[in-house]
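K.L.:
Once you've had a glance at the structure underneath, I'll fire off some questions.
The values are calculated or read from the model by the stated rules, or taken from the named source; none is laboratory data. These numbers were taken from a predicted model, which means no experiment stands behind them. Backbone-built Cβ (ideal geometry, glycine too); neighbour counts: all protein chains shown.
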Amino acid sequence: MEEKIKIYISKSTADILNKDAELFEFFKQNGTVNRNAFLNTLIVNYIDRYQLLRNSMTSAIEQETGSDGEAVMKILDRFQLSDSGMKTDTVISVKPTKQSSASIVYIQECLLKNSTLSGYFRTMFASYALLPRNEREKIIFKPVYDALSKAIENQKMIWFTTKARGKFRHTASPYMVTSSKEELFNYLLCEYNGTPYSFRMSRISAVFTLNRDSVIQPEVRSRLERMLEYGPQFAIRSDDEIRVRLTDAGIRNFQSFFIHRPVPCRIEGNVYIFRCSEDQIMNYFTRFGQTAVIESPAGLHRRAEQFFRNACRSYRSSAVIDSGQTEDDS
């Protein structure tokens, strides 16, 4: 099968599919998004889970209404497995690949019944789009997720490669696969060379289980557990307390900015004390400008100071746009 399959879906479903293809880094050699590769991966990895959902819904409707299977399938196709009420006025195309061709033939010969291939994919994509992003990521990267889960369950070490910033090889003791608090992405937490690490699952390209027992040192396990509390994407490498002094405006900002917000272990007046990752503190509090000052540890204080010095230097060296004049014109 080499012909393109046209599928009519709602704009909201199309937007999620397009965004996921970009967020999960499906790119062509020229840097553009490879939506076709993404959709074919979705079909191959979601077919079993989706068909279980479809079968369970069919059985439930049959029991409640007494309708036969053919009538039930028409209902499911009509209402798109909960994407009801939305116009299916957006067209996307899927060109089968070697990866997906067998799965598509299987769908045609065994699963369609009284539906069309286009209709089947319409409901499949609508069902996928209704899931939170971290669950969608588990589908798109199912082989990686399954391999990690099995190794963790069997308490075995893993050898894996990552594609972030080039291709790297790692041998580690896996601790857990968990999502960020915002349910955006999944992360592998592990001990790597005696240090806690966090790897975004979508950037792991291959996983192999080693015939070696996984061993996580107590101090590393303690930090991994704190990473679950603060945010799994930020690796905690120190047990030092971090002190941040906030102005009244800074406290209001802290109460308003939720993304990546660290949890204080205690508060002393306007000073908030944390035991989390220094990267998380930098990521979060540099947005506050002068309303937050990182007081300690000294190394992090200097790092924040240098961050703002570099920012000031960039502003001073750039052109100043004011009534059409540049710095050299004034």
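Every residue, every condition in (1) among the polar types (S, T, N, Q); (2) modelled with pLDDT under 90; (3) surrounded by 15 or more Cβ atoms within 10 Å (Cβ to Cβ); (4) in the same structural domain as I104 (by TED's automatic domain parsing), yes or no:
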{"residue": "F24", "(1), (2), (3), (4)": "no, no, yes, yes"}
{"residue": "V33", "(1), (2), (3), (4)": "no, no, yes, yes"}
{"residue": "N55", "(1), (2), (3), (4)": "yes, yes, no, yes"}
{"residue": "Q63", "(1), (2), (3), (4)": "yes, yes, no, yes"}
{"residue": "V72", "(1), (2), (3), (4)": "no, yes, yes, yes"}
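K.L.:
Suppose the filter is modelled with pLDDT of 95 or more, under 18 Å from the mean Cα position of the chain (by Cα) and not β-branched (V, I, T); does P143 pass it?
P.N.:
yes
K.L.:
Taking the options P264, P218, name whichever one is surrounded by 15 or more Cβ atoms within 10 Å (Cβ to Cβ) and out of contact with any helix residue (DSSP H, G or I) (no Cβ under 8 Å at 6 or more places or on another chain).
P.N.:
It is P264.
K.L.:
Name every residue in region 192-229 that is hydroxyl-bearing (S, T, Y) and in contact with a strand residue (DSSP E or B) (Cβ under 8 Å, 6 or more places away or on another chain), in order of residue number.
P.N.:
Within region 192-229, Y192, Y197, S198, S202, S205, T209, S214 qualify.
K.L.:
Looking at R309, R302, R313, which one is at pLDDT 95 or above and part of a helix (DSSP H, G or I)?
P.N.:
Answer to the selection: R302.
K.L.:
Let me ask another. Give region 1-37 a look and list any residue that's in a helix (DSSP H, G or I) and either over 15 Å from the mean Cα position of the chain (by Cα) or without any contact (Cβ under 8 Å) to a residue 40 or more places away in the chain (or both), or say none.
P.N.:
Selection gives K11, S12, T13, A14, D15, N18, K19, A21, E22, R35, N36, A37.
Residue-wise test of (1) farther than 11 Å from P196 by Cα; (2) in contact with a helix residue (DSSP H, G or I) (Cβ under 7 Å, 6 or more places away or on another chain); (3) touching a residue at least 24 places away in the same chain (Cβ under 8 Å).
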site	(1), (2), (3)
L210	yes, no, yes
L224	no, no, yes
Y230	yes, yes, yes
I236	no, yes, yes
G250	yes, yes, yes
H260	yes, yes, yes
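K.L.:
A follow-up question, please. Would you mind stating whether S214 is more than 26 Å from A147 (Cβ to Cβ), more than 23 Å from the chain's Cα centre (by Cα) and not charged (D, E, K, R)?
P.N.:
The answer is no for S214.
K.L.:
Among the residues of region 198-213, are any modelled with pLDDT under 95 and closer than 27 Å to E305 by Cβ?
P.N.:
yes
K.L.:
Restricting attention to region 184-213, which residues are within 22 Å of F26 (Cα to Cα) and of a type in the set (G, A, S)?
P.N.:
Scanning region 184-213 gives S198, S202, S205, A206.
K.L.:
Any idea which residue in region 150-197 is surrounded by the fewest Cβ atoms within 10 Å (Cβ to Cβ), counting only those that are acidic (D, E) and under 19 Å from F208 (Cβ atoms)?
P.N.:
E153
K.L.:
Suppose we keep only residues that are assigned to a loop (DSSP other than H, G, I, E, B) and surrounded by fewer than 17 Cβ atoms within 10 Å (Cβ to Cβ) within region 78-96. Which one would you say is modelled with the highest pLDDT?
P.N.:
Residue satisfying both the conditions and the ranking: K95.
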